[in-house]
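Okay, so here's the structure we're looking at.
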Amino acid sequence: EPEVTQTPSHQVTQMGQEVILRCVPISNHLYFYWYRQILGQKVEFLVSFYNNEISEKSEIFDDQFSVERPDGSNFTLKIRSTKLEDSAMYFCASRDADRDEKLFFGSGTQLSVL
Amino acid sequence: AQSVTQLGSHVSVSEGALVLLRCNYSSSVPPYLFWYVQYPNQGLQLLLKYTSAATLVKGINGFEAEFKKSETSFHLTKPSAHMSDAAEYFCAVSDQWGAQKLVFGQGTRLTINP
């Protein structure tokens, strides 16, 4: 079965630094998402993206966050100035428009902010 | 606002025994309900979904779940546990067709004892 690929699997950064988390969604999918899970907490929705624009975002997704689809294959999440509380597992997901209800998730990027 | 509560962060059963993972939801509109599974070092995979058709939903790997509106529950069951079922299981709810934004429970880690 096709997969959503995320890189890197682990990222360590210093507080205040910018990070970019990368995702390659499934090739024919049109809808893209970022979720995150802080250790010991629930998986939380961050943002959804369709047709080169954000379709919905959560309260967590403030001005420090941005998403981009720079080419036909990648989908990135940028955190401009990381904070300690940004440490979490970040999951990318994608969806095929013809199979609306099924999200395909990547294996995640564990972000550690020191 | 929607929410999901999974009773029991950790469930342990013997191989061959019944698996029962509990999920209760809160939603102001008819919900769409999902169970996802996460195996170690992998992304979340859809096990099954309820989208207002049959209340008993069958999924992959022998799992099924029953939507009970009166109890606001969507418990996941499997008659006979296999060692390969050891994973983390997440219940999720959405108020939108197309899984635009999933609200997850905190997850239940299932351990299978030989």
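The values are calculated or read from the model by the stated rules, or taken from the named source; none is laboratory data. Keep in mind it's a predicted model, so treat the numbers as computed, not measured. Methodologically, a virtual Cβ is constructed for each residue, glycine included, from the backbone with ideal geometry; neighbour enumeration extends over all protein chains shown. What goes into the accessible areas is simple: the full protein's heavy atoms, side chains included, and nothing from ligands, DNA or RNA. Shrake-Rupley method; radii C 1.70, N 1.55, O 1.52, S 1.80 Å.
Compute the signed sum of charges (Lys and Arg +1, Asp and Glu -1) over the other residues within less than 13 Å, Cβ to Cβ, of A:Gln14.
-1
Please report the spacing between the Cα centers of segment A:68-88 and segment B:24-53 in Å, no decimals.
The two parts, judged by their Cα centres, are 25 Å apart.
If I take every Cα pair under 8 Å that is 6 or more residues apart in chain B, average their sequence separation and divide by the length, what percent do I get for the relative contact order?
Relative contact order comes out at 38 percent.
For segment A:1-20 and segment B:65-106, what is the separation of their C-alpha centers, rounded to whole Å?
About 28 Å separates the Cα centre of segment A:1-20 from the one of segment B:65-106.
Under the rule of at least 5 residues apart or a separate chain, name every residue whose amide H is placed under 5 Å from the amide H of B:Leu47.
B:Trp35, B:Tyr36, B:Val37
Tell me the label-point distance for the pair A:Leu84, A:Met15, using the 7 Å Cα-to-Cβ offset, in nm and rounded to one decimal.
Result: 0.5 nm between the two label points.
Charges at C-beta only: +1 for Lys and Arg, -1 for Asp and Glu. How large is the resulting dipole of chain B about its Cα centre, in Debye rounded to 20?
With Lys and Arg at +1 and Asp and Glu at -1, about 160 debye.
How about segment A:30-114: which GluC sites (Glu not before Pro) there lie in a loop by DSSP and see at most 10 other Cβ atoms within 10 Å?
Here the sparse-neighbourhood loop sites are A:Glu59.
Going 7 Å from the Cα of B:Ser80 toward and past its Cβ, which residues in segment B:24-67 have a backbone nitrogen under 14 Å from where you end up?
B:62-63
Can you work out the FRET efficiency for the pair A:Leu39 and A:Asp62, with r the C-beta to C-beta distance and R0 = 22 Å, to the nearest 0.05?
It comes out at approximately 0.60.
Extension gain B:Arg109-B:Lys58, at 0.36 nm per residue separation less the Cα-Cα distance, in nm?
Gain on stretching B:Arg109 to B:Lys58: 16.3 nm.
Leaving out ligands and nucleic acids, note down the accessible area per residue over chain A with a 1.4 angstrom probe, in whole Å².
That works out to 51 Å² for each residue.
Quick check: net charge around A:Ala88, other residues with Cβ under 14 Å of its Cβ, Lys/Arg +1 and Asp/Glu -1?
With Lys, Arg at +1 and Asp, Glu at -1, the net is 0.
So how much accessible surface do B and A hide from each other in total, probe 1.4 Å, in square angstrom to the nearest 100?
It comes to approximately 1800 Å² buried between B and A.
As I understand it, the dipole of chain B uses +1 on the Cβ of Lys and Arg and -1 on the Cβ of Asp and Glu, about the Cα centre. Which of B:Leu48, B:Gly8, B:Gly62 lies farthest toward its positive end?
B:Leu48
Of all DSSP beta bridges located in the protein assembly as shown, what percent are antiparallel, nearest 5?
90
Output wanted: per-residue J couplings in Hz (rounded whole) for segment A:66-72, from phi through Karplus 6.51 cos²θ - 1.76 cosθ + 1.60, θ = phi - 60°, x for Gly and Pro.
8, 10, 7, 10, x, 8, x
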